[in-house]
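The values are calculated or read from the model by the stated rules, or taken from the named source; none is laboratory data. This is a predicted model, so every value here is computed, not measured. Counting neighbours? That spans all protein chains shown, and the Cβs are built from the backbone with ideal geometry, glycine included.
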């Protein structure tokens, strides 16, 4: 235990000498142990110098060469610290050992020297450090050393030995065994230290991954999962093991699977992270129901050299459902702002036209009547001008009233006064009011109101405005043909229906109904006069009575508008805009009034 603690302290001290380029933990440990052993060898050799001087005096040539060789490992440690390369450091260390063996062998019998037993240990020592290139270099140096010893003996003759064979060989064998044992123990210690550090790093990584809310997955080259973090339980309601293989892929929405696989492939083949959003199918919280769709964002990157075997891509997946909802809300708000801006522009365009045209007529004809030179002498002509002024004024009043009604309805300031009255009689009155305009336009108003009274409790003025607006719209968009007005009973409600055989509306226009200042174009793409407020007023007034509005239309086949009002409107109160149900009339359907006209013809 004490030795292990001392070794850990020495490794920590030597660690500051490791080259900064060495970042891998296992490689750093190899460098630390190499420098530790070489520095220990060099310092031990330097410590023997004073002892040698005291016992034997000044060293001779061979002794000085041997001591110098033992000091070379310090140079090897310095080279490794400065360069960060093990191969040249191993070569210097092997040369030091070779020089020591060479000098000792000359004094202990040449080719018969026990020191030569250390030559095979040179490549084994390099292999103990896990460096194949250094082992090959050490083997070459050992072979060259043996050749030098043999050549020296051939040239100078057999060398005399200062030790007897009974002393030299046991001493050399014991030293070699101790050296080999030290190499094995050092390699085992380094292996244990490496496994300990790897286990600590693995536990640290596991702890970090477990603390993350994001799902971390490792994928192989085929995109299958080889590891999943604990976040799989909170994100998908599944154990991490359940995502292995194709487990995660099977939970990806079918429409998003190509994008999912493409992101993993791009991350593996390119040296940059790849981001993709896709949908995950998670089990229903109630169990047994339809799976829940969850939007996630995956960031995939290629695995580095330290990744486990089989890991090609590392992906981090997080839940972005809330973020996507906020983005959708922002997009809806942006569209609403754009729609409001367009409505404002449409308001300015429509209102300016609807106000300017009658005002021009009023001002123009008023100036003519006020001018002595321009006023016609014919009384009939003057009355005609006065009628034009009066009509323009009434049109202006209608526009202003419509604007005020819409404003009051949308602000909730439009109050209704429910009272019992005959809706059928009111409908006949409205038809009579529009009869002159209908005849001028070549349109027949068909009344299907029955003979019995239809008493409801509602605001009579509001109901009159509803019917007049519907009739005005029907006449406006029916160049020639029929407009029908019907009353019907549906339980506790009364339905008021206005149908025409006019130009109708396209399906794209049906979704815009009820918006202020919107005016559908005819099938000939020819806009009509008006502010586009009539239907908006109808919708608001129906809502104030707790009623609904239903529209059925098709371009070129006419339009049918049905307003449903409760019979007893005593509980009516200000409410949001009535629900407008818009239905495209089935293609090829026959309008009943057109069919009757064909039969009568």
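Being without any contact (Cβ under 8 Å) to a residue 60 or more places away in the chain and closer than 26 Å to residue 553 by Cβ is true for just one of 446, 439. Which residue is that?
On the way: 446 fails: without any contact (Cβ under 8 Å) to a residue 60 or more places away in the chain.
Result of the check over 446, 439: 439.
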Exercise for the section: Would you point out the residue of segment 218-235, among those that are surrounded by 15 or more Cβ atoms within 10 Å (Cβ to Cβ) and out of contact with any helix residue (DSSP H, G or I) (no Cβ under 6 Å at 6 or more places or on another chain), that is nearest to residue 312 (Cα to Cα)? Expected result: 220
Problem - Single residue of 419, 367, 384 found to be at pLDDT 85 or above and assigned by TED's automatic domain parsing to the domain that holds residue 469 - result: 419
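Yes/no per residue for (1) touching a helix residue (DSSP H, G or I) at 6+ places or on another chain (Cβ under 6 Å); (2) surrounded by 20 or more Cβ atoms within 10 Å (Cβ to Cβ); (3) at pLDDT below 80; (4) part of a helix (DSSP H, G or I):
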position: 36; (1), (2), (3), (4): yes, no, no, yes
position: 40; (1), (2), (3), (4): no, no, no, yes
position: 44; (1), (2), (3), (4): no, no, yes, yes
position: 47; (1), (2), (3), (4): no, no, yes, yes
position: 54; (1), (2), (3), (4): no, no, yes, yes
position: 66; (1), (2), (3), (4): yes, yes, yes, yes
position: 77; (1), (2), (3), (4): yes, yes, no, yes
position: 81; (1), (2), (3), (4): yes, no, no, yes
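Looking at residue 445, is it at pLDDT 85 or above, under 30 Å from residue 366 (Cβ atoms) and surrounded by 14 or more Cβ atoms within 10 Å (Cβ to Cβ)?
no
Quick grid of which residues meet (1) surrounded by 12 or more Cβ atoms within 10 Å (Cβ to Cβ); (2) under 27 Å from residue 80 (Cβ atoms); (3) at pLDDT below 70:
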{"site": "130", "(1), (2), (3)": "yes, yes, yes"}
{"site": "168", "(1), (2), (3)": "yes, no, yes"}
{"site": "191", "(1), (2), (3)": "yes, yes, no"}
{"site": "201", "(1), (2), (3)": "yes, yes, no"}
Practice task
Could you list all residues from segment 365-389 that are closer than 30 Å to residue 406 by Cα and surrounded by 14 or more Cβ atoms within 10 Å (Cβ to Cβ)?
Solution key: 388, 389
Exercise for the section: Take residue 361 and decide whether it is touching a residue at least 40 places away in the same chain (Cβ under 8 Å), in a helix (DSSP H, G or I) and touching a helix residue (DSSP H, G or I) at 6+ places or on another chain (Cβ under 7 Å). Expected result: no
Handout entry: Check on residue 443, within 25 Å of residue 480 (Cα to Cα) and more than 60 Å from the chain's Cα centre (by Cα)
Key = no
Handout entry: Selection count, segment 296-342, where residues are over 28 Å from residue 256 (Cβ atoms) and either assigned by TED's automatic domain parsing to the domain that holds residue 235 or buried (at least 16 other Cβ atoms within 10 Å of the Cβ) (or both)
Key = 3
